[in-house]
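Structure record follows, encoded as structure tokens.
The values are calculated or read from the model by the stated rules, or taken from the named source; none is laboratory data. Computed from a prediction, not measured in an experiment: that's the story for all the values here. Quick reminder, even Gly has a Cβ in these numbers, built from the backbone with ideal geometry, and neighbours come from all protein chains shown. Heavy atoms of the whole protein, side chains included, go into the accessibility calculation; ligands, DNA and RNA do not. Shrake-Rupley method; radii C 1.70, N 1.55, O 1.52, S 1.80 Å.
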Amino acid sequence: MFTPPPSLKRDEAQRLRALDLSGLRDAPPEPDYDDIVRLAAETCDTPIALISVVDRDRQWFKAHVGLQGVGVQERCISFCAQAIEREGILLVEDTIADERFATHPLVQGEPFIRFYAGTPIQTEDGFPIGSLCVIDHRPRGLGESQRRSLIALKRQVELLLRMRSQVRLLKARNTELEQSQERTSSLNTYLQAEVRERQRIERQLLEQQTLLSSILAHIPHSVFWKDQNSVFLGCNPQFARDMGLSSPLDIIGRTDFEMPVLSEHAEAYRRDDREVMESGIPKLSFEEPLRQYAGAKSWVLTSKVPLRDANGKVTGVIGIYADISERRRQEEVLQEAKNLIERDAARLEEQVREAHERTRQLMEHSGEAVFVLDAAGSVLEVNPVAERLLGFLHGQLLGTPFVALVPEDEREPLRQSLKDLLARGTVCLEELGLRSASGARVALGIAASLQVTGETRQLLIVGTDLTEKRRIEQQSIQNDRLAAMGALAAGIAHEINNPTSFVLSNLTWLQEWRDELERELIALPGLHPRLAESLSEAEEVIAESLVGGGRIRDIVRDMRFFSHTASEALAPVDIHACLDVVLRMAHNELKHTARVEKQYADALPLVPGSEGRLSQVFLNLIINAAQAMRTGGGLEHHVLRVVTALEGERVRVDISDTGHGIPPEVLPRIFEPFFTTKPTGAGTGLGLSISHAIIQKMGGEMGVRSEPGQGTTFTLFLPVSGRGPSDDEKQLSPVP
């Protein structure tokens, strides 16, 4: 609940006497004060400005703008009662955040004050009798120039008070002189003093006029004023420059129709003038076009207020505007950038949709049973092979929980595997029994992966029929699966690679363009906060898009190995030179992780193979080793050891690490496609599978030994002579 401030204690009686002497108590409105509050509102860019007078128990408004229907308030809830307690400006940038005012009734209710800046109005004797303040319905700050302008206008109010006091004093003295003609000679000296005082007041009025002229000449906006017929009475130098005139005097007596800059929209300007003059209500902060003197079209933010004489009669209109063309251009550029991003995103989404459609077609022609499940494990789609193996119709399988197709004694392991699939992204089962329509058990080898598209998660289950094939045909089954994945990867990689490349290129260009735009905008004065926020949001969106696009590109690159779309001939390879190049490539991964020890055999013969493919295998094994040694210890505890030897007609390469090792239950599956122990998103599970296939195509062998907590060693055997690769192995696909 708001607690009213304590009553003034300091010289309160003298302050009230000074208020009586000022003549402001319950005085009627005066145009001079109205002009000052309007200028204060315009200068500080606030909807409300007022001159308040603080009495013993109340305050009332000598002049105000933007505060309709309020004339008197209780002093106990007055902001101005606190403003007169201090020197300078009482500035409250956000009343809700200020514990003094958060529960104030004028903050919680009409006029809903969120910003207040007020400075005390003092008599010539230094007693504060009221304040000049500006108010806004939103939190904000006050610029240094606005502070100076508010202080200057406050001084003008004080000057008016003193002049009014002097005028009243002069009237009283003149009356006394008329009643005391007989004392004329004795009061001659006094009259001379009064003349000097009048001269002093005239000088003060001239100083006031000079100050107002200086304000109009130096504010960074264009100001003009017209009579009741919309004929220009004057303007400030900035407006004259906008009109292409050499002096503000050249504007006097002209109309909008006579000004080349204004003639295009002259009728609209005059309608606004008439609306303000006839209603007596200001028209504030509206945007309108303006043809520049050089011919270019610009936009300005204009405010017009009625111009009144000493009796309050509307005699014309005064206007002020600021050029906002650059802000509008920036908004248009940002909108174009947003549209470009949306078009590229829509194009990429369409490419992904087409790729999904081709994937569905490939699934239908696959030689293996394929099931697509939702995140809850119910069947969304099956291919013809799955229907044939189980003997069910397509409609009978849709919507069926996948575990319901499994015999009861095998359901619990399957449920656990599906949970692992959701957590890890891939799962493989050597054998899973499904119940056919006839009740027979159909044995399948299962490879499953988690498919994530936006917010949708689906489970892809690929089953290889094991009923007629067991362990002796396991390698043949693996090759068939790789061939099917190759066909699938060929379609996906071919269709996604090109659009991904130009989307990444466009996003990179857009990121550079956004950075350049931000540097140019920051250099401009008065950058709108919303524009700065939009630039920051655009930077985050572009960065996230680049990361996502790079991820798609990397996945396609790894899968292209299975596509077999091109060939690469075998040639003699220097194993030591190849290893040295790869170790240099992996230097950044290793320099803070482990020491490198090389034990190379002397005079190692050349090996027939693909240098690019072997580099790919070596780099994959070395990077995996570096990642396994990141658990702690650093260079003092971890060693990457590379050993070569000639064993008969084969070259042996050992790549060993001292990392965390591979658990025994995982070791038999590390060469399976899409199998990985890394967190979701950190790997595709293709690296070791690709490496194993490369070595086999060169007629070699690849094995692994590992002990948890001790490290892992991968051993490669490559033939020097004797049995070379088969005809199918003589040509290799290009490095992904």
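Every Cα-Cα pair of the stretch 242-327 was included, and the share exceeding 15 Å stands at 63 percent. When each of the peptides 152-162, 535-545 is scored by how many other beta carbons lie within 10 Å of its residues on average, the order from highest to lowest is 152-162, 535-545. Shown is the FRET efficiency for Glu537 and Glu74, computed with R0 = 35 Å from the Cβ-Cβ distance and rounded to the nearest 0.05: 0.15. Using the Cβ-Cβ distance between Arg86 and Ala423 with R0 set to 56 Å, the FRET efficiency from 1/(1 + (r/R0)^6) comes to roughly 0.30. Placing pseudo-labels 7 Å out from each Cα toward the beta carbon at Asp26 and Arg329 gives an inter-label distance of 6.0 nm. The residues of the stretch 607-649 have, on average, 41 Å² of accessible surface per residue, using a 1.4 Å probe with all protein chains present. Of the cross-linked pairs Lys598/Lys697; Lys62/Lys313; Lys62/Lys226; Lys226/Lys313, those separated by over 22 Å at the C-alpha level are Lys598/Lys697; Lys62/Lys226. Of the peptides 126-132, 436-442, 386-392, 72-78, the ranking by mean beta-carbon count within 10 Å, highest at the top, reads 126-132, 386-392, 72-78, 436-442.
The slack between Arg138 and Ser279, meaning 0.36 nm per residue of separation minus the straight C-alpha distance, is 48.1 nm. Qualifying trypsin sites (Lys or Arg not before Pro) in the stretch 12-65, where qualification requires a DSSP coil assignment and no more than 13 other C-beta atoms within 10 Å, comprise Arg25, Arg56. What percentage of the solvent-accessible surface of the stretch 187-241, computed with a 1.4 Å probe over protein heavy atoms, is contributed by carbon and sulfur atoms? The computed percentage sits at 56.
Panel note: the C-alpha atoms of the stretch 70-156, placed on their principal axes, show extents of 36, 30, 23 Å (largest first).
What number, in percent, do you get for the relative contact order of the stretch 569-656 if the mean sequence gap of Cα pairs under 8 Å and at least 6 apart is divided by its residue count? Relative contact order for the stretch 569-656 comes out at 38 percent. The simple Förster model, with R0 at 56 Å and r as the Cβ-Cβ distance, assigns Val314 and Arg519 a FRET efficiency of 0.70.
Rounded to the nearest Å, what's the spacing between the alpha carbon centres of the stretch 439-462 and the stretch 189-235? Just the number, please. Value for the Cα centre distance between the two parts: 86 Å.
Charged neighbours of Ile151, selected by a Cβ distance under 12 Å, balance to +1 (K, R count +1; D, E count -1). Computed log10 I(q)/I(0) for the stretch 240-288 at 0.17, 0.19, 0.31 Å⁻¹: -0.62, -0.75, -1.10, from the Debye equation with unit scatterers placed on every C-alpha and solvent omitted. Summarising the label geometry, the points placed 7 Å from Cα in the beta-carbon direction at Asp374 and Glu665 lie 3.1 nm from one another. Over all projection directions, the Cα-based convex hull of the stretch 609-651 averages an area of 4.0 nm². When you count the other C-beta atoms within 10 angstrom of each residue and take the mean per peptide, 201-212, 589-600 line up highest first as 589-600, 201-212. Under Stokes-Einstein, with the Kirkwood radius over Cα pairs as Rh, the value for the stretch 578-651 at 4 °C and 1.567 mPa s is 97 µm²/s.
Excluding same-chain neighbours fewer than eight residues apart, the aspartates and glutamates reachable from Lys304 by a Cα-Cα span under 14 Å are Asp35, Glu42, Asp45, Asp227, Asp272, Asp273, Glu275, Glu278, Glu287, Glu288. A crude spin-label estimate for the pair Asp574 and His528, with each label 7 Å from Cα along the Cβ direction, gives 6.5 nm. A full extension of the chain between Asp409 and Arg584 corresponds to an added length of 57.7 nm, given 0.36 nm per residue minus the alpha carbon distance. Normalising the average separation of contacting C-alpha pairs (under 8 angstrom, six or more residues apart) by the number of residues puts the relative contact order of the stretch 233-330 at 19 percent. Sorting the Cα pairs of the stretch 1-149 by distance into bins of 10 Å, from 0 upward, gives 11, 44, 36, 8 percent per bin.
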